[in-house]
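The values are calculated or read from the model by the stated rules, or taken from the named source; none is laboratory data. Predicted model only: the values in this text are computed from it and were never measured. As a convention, Cβ positions derive from the backbone with ideal geometry for all residues, glycine included, and neighbour counts pool all protein chains shown.
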Amino acid sequence: MSSVSIIGSGNMAGALAGRALAGGNAVEIIGRDPAKAEELAAALGGGATVGTFGAAPAGDIVVLAVPYAGAVKVVSEYGDALRGKVIVDITNPVSPDFQGFVTPEGSSAAQEIAEAAPSGVQVVKAFNTLYSHVLAAGPAAGRRLDVFIAGDDAQAKARVSAFVESLGMRPMDTGQLAMARTLENAGLLMLGLFAHSVKHTNFSLGVSILS
């Protein structure tokens, strides 16, 4: 099992933390607002602890469950306290009209986070194609949810994959960190499906292997 620190106290933080605790992982909740972090940890139960924002996270895996607009700032503020950690970026840097991205062409949120991180930190993109309530519910219709991941370091991806499996989900490696842009496009695709065809958010993207 993994030791995970989740920075954030919103819906995705709660969903990930709940699944992680159910999977037997050690979970630390960290937030700028200590009261909100305490409230989430108390609601989760299961031994979730509360960390101090800016101090070295207890987890080997650090999940950035914050909006894209604040993700790079958080990494910069933590600085060397993140050395040796695997950072998981779950953000979707979409524009307010949901028609494109606020990141530069050819880049991604994950790549920007990697550039801001100190040496010795590996960044893995994951979980950005799952709505929080779908993630919290877990397997649907007898099928595990797929979690698409991307990253440059094989060992970091292996650690994140093991964490994903502990949640009862299936990790799907898509390649190097540059593929994060493609995964963020998949996040944009989900918003398009919600707006124009599915009309609700009770769905997920997955792979059916035909063999």
> Mind checking which pairs have a first residue in segment 42-54 that is without any contact (Cβ under 8 Å) to a residue 40 or more places away in the chain and within 18 Å of Arg32 (Cα to Cα) and a second that is loosely packed, with under 13 Cβ neighbours inside 10 Å and aromatic (Phe, Trp, Tyr), Cβ under 9 Å, 6 or more apart or different chains?
Replying inline: none
> Can you tell me how many residues in segment 91-114 are in contact with an Asp or Glu (Cβ under 7 Å, 6 or more places away or on another chain) and among the hydroxyl-bearing types (Ser, Thr, Tyr)?
Replying inline: 2
>> Here are the criteria: (1) under 27 Å from Glu165 (Cβ atoms); (2) crowded, with 20+ Cβ neighbours inside 10 Å; (3) modelled with pLDDT of 95 or more. Tell me which single one Tyr68 does not satisfy.
In response: (3)
> Val62 is checked against (1) within 21 Å of Asn185 (Cβ to Cβ); (2) among the hydrophobic types (A, V, I, L, M, F, W, C); (3) part of a strand (DSSP E or B) and fails just one. What number does that condition carry?
Replying inline: (1)
> List the pairs whose first member sits in segment 69-94 and is under 14 Å from Ile30 (Cα atoms), whose second member is part of a helix (DSSP H, G or I) and among the aliphatic types (A, V, I, L, M), and whose Cβ atoms are under 6 Å apart, counting only residues at least 6 apart or on separate chains?
Replying inline: Ala71/Ile113; Val75/Ile113; Val75/Ala116
> Looking at (1) farther than 17 Å from Val62 by Cα; (2) surrounded by fewer than 20 Cβ atoms within 10 Å (Cβ to Cβ), which is the one condition that is false for Arg159?
Replying inline: (1)
> Ala137 fails exactly one of the following numbered conditions: (1) aliphatic (A, V, I, L, M); (2) modelled with pLDDT of 95 or more; (3) more than 26 Å from Lys73 (Cα to Cα). What is the number of that condition?
Replying inline: (2)
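Kindly indicate the residue of segment 84-131 that is of a type in the set (A, V, I, L, M) and part of a loop (DSSP other than H, G, I, E, B) and also nearest to Leu205 (Cα to Cα) among those meeting that condition.
Within segment 84-131, the subset of a type in the set (A, V, I, L, M) is 86-88, 90, 94, 102, 109-110, 113-114, 116-117, 121, 123-124, 126, 130.
Checking which are part of a loop (DSSP other than H, G, I, E, B) leaves us with 90, 102, 117, 121, 126, 130.
Values: Ile90: 15, Val102: 23, Ala117: 29, Val121: 29, Ala126: 13, Leu130: 8 Å.
Selected residue: Leu130.
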>> Out of everything in segment 115-128 that is touching an Asp or Glu at 6+ places or on another chain (Cβ under 8 Å) and at pLDDT 95 or above, what residue ends up being surrounded by the most Cβ atoms within 10 Å (Cβ to Cβ)?
In response: Lys125
>> Looking at (1) closer than 19 Å to Tyr68 by Cα; (2) at pLDDT 95 or above; (3) β-branched (Val, Ile, Thr), which one does Thr174 not meet, given that it meets all the others?
In response: (1)
>> Which numbered condition in (1) loosely packed, with under 15 Cβ neighbours inside 10 Å; (2) on the phi < 0 side of the Ramachandran plot; (3) hydrophobic (A, V, I, L, M, F, W, C) is the only one that Val147 fails?
In response: (1)
>> Consider segment 102-122. How many of its residues are under 14 Å from Pro67 (Cβ atoms) and not aliphatic (A, V, I, L, M)?
In response: 2
> Can you spot a residue in segment 89-104 that is touching a Pro at 6+ places or on another chain (Cβ under 7 Å), under 19 Å from Lys157 (Cβ atoms) and among the charged types (D, E, K, R)?
Replying inline: no
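Identify, from the list Val86, Val50, Val62, the residue that is in contact with a helix residue (DSSP H, G or I) (Cβ under 7 Å, 6 or more places away or on another chain) and either farther than 17 Å from Val164 by Cβ or of a type in the set (Gly, Ala, Ser) (or both).
Working: Val86 fails: either farther than 17 Å from Val164 by Cβ or of a type in the set (Gly, Ala, Ser) (or both); Val62 fails: either farther than 17 Å from Val164 by Cβ or of a type in the set (Gly, Ala, Ser) (or both).
Within the list Val86, Val50, Val62, the selection yields Val50.
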> Restricting attention to segment 71-107, which residues are under 20 Å from Tyr131 (Cβ atoms) and surrounded by 15 or more Cβ atoms within 10 Å (Cβ to Cβ)?
Replying inline: Ala71, Val88, Asp89, Ile90, Thr91, Asn92, Pro93, Val94, Phe101
